[in-house]
Amino acid sequence: MAFCSRAKSMDGLPCSAVRRTTAIRPLARFIILKVLICVFGASNRWVMAPVGNSWNYTKVGGGPVPIETSEGWLMIYHGVLTSCNGYVYSAGVALLDLDKPWKVIARSRHYILSPQTLYECVGDVPNVVFPCALLCDAATKRLAIYYGAADTATALAFAYVDELVAFAKKDSLV
């Protein structure tokens, strides 16, 4: 996970490398890697686990680099459901504490994006939307969310920061 606006390396200089979370498949949980030691002086910490009987029942994993908001780090992540037709990858949103990013403030109960269109449902790996990149227009707070579709195409969705923060907080799992 990258927290570059606040990130400092061990010697106090700004971090330039992108830091990402990784999913530990056997445990199917988020873990912040040791690379965050350079950011917050923290060791490995669990962040989120799958939620039973939901769209992210099977596993959860990383997505684009989180962005800093006044309410916390806005993180878009992927979740997986095992259905009778195989895996279904969808995207959700969570809000992490600014100073303790391993602490989840809010987590959406429902997905923000799921496979619906032909290019998301049919391809090398069917039924996949996998968030990959996030760009924010600072003036309008409009987000461009780039995502993989069925492991065959790259697609683009739009949202606003305030909408996603509100969505994460409304009916939050936390």
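What to note about this one:
- Check on Leu135, under 27 Å from Val174 (Cα atoms) and surrounded by fewer than 15 Cβ atoms within 10 Å (Cβ to Cβ): yes
- Of all residues in the stretch 138-154, those that are open to solvent by less than 40 Å² (accessible area, probe 1.4 Å) and not in a strand (DSSP E or B) total 1.
- Criterion violated by Ser70 - all others in (1) of a type in the set (Gly, Ala, Ser); (2) touching a Lys or Arg at 6+ places or on another chain (Cβ under 8 Å); (3) over 21 Å from Ser54 (Cα atoms) satisfied: (2)
- Residues of the stretch 155-163 include at least one that is under 17 Å from Tyr111 (Cβ atoms), out of contact with any helix residue (DSSP H, G or I) (no Cβ under 7 Å at 6 or more places or on another chain) and not in a strand (DSSP E or B).
- Of the criteria (1) under 21 Å from Tyr146 (Cβ atoms); (2) without any contact (Cβ under 8 Å) to a residue 40 or more places away in the chain, which one Asn56 fails: (2)
- Each residue in the stretch 51-82 was checked for being assigned to a strand (DSSP E or B) and either more than 12 Å from Phe130 (Cβ to Cβ) or of a type in the set (Phe, Trp, Tyr) (or both), and 12 of them qualify.
- Filter result for the condition that a residue is without any contact (Cβ under 8 Å) to a residue 60 or more places away in the chain and open to solvent by less than 50 Å² (accessible area, probe 1.4 Å), over Asp97, Asp124: Asp97
- Thr82 vs. criteria at pLDDT 50 or above, open to solvent by 70 Å² or more (accessible area, probe 1.4 Å) and on the phi < 0 side of the Ramachandran plot: yes
- Residue count, the stretch 101-121 (criterion: open to solvent by 40 Å² or more (accessible area, probe 1.4 Å), part of a loop (DSSP other than H, G, I, E, B) and more than 18 Å from Gly62 (Cβ to Cβ)): 4
- Taking the stretch 83-99 as the range and being assigned to a strand (DSSP E or B) and in contact with a strand residue (DSSP E or B) (Cβ under 8 Å, 6 or more places away or on another chain) as the test, the residues that pass are Tyr87, Val88, Tyr89, Ser90, Ala91, Gly92, Val93, Ala94, Leu95, Leu96.
- Residues of the stretch 123-137 satisfying the condition of being assigned to a strand (DSSP E or B) and of a type in the set (A, V, I, L, M): Val128, Val129, Ala133, Leu134, Leu135
The values are calculated or read from the model by the stated rules, or taken from the named source; none is laboratory data. These numbers were taken from a predicted model, which means no experiment stands behind them. Don't worry about glycine lacking a Cβ; one is built from the backbone with ideal geometry, like all the others, and counts go over all protein chains shown. Remember, those area values only see protein heavy atoms, side chains included, never the ligands or the DNA or RNA. Shrake-Rupley method; radii C 1.70, N 1.55, O 1.52, S 1.80 Å.
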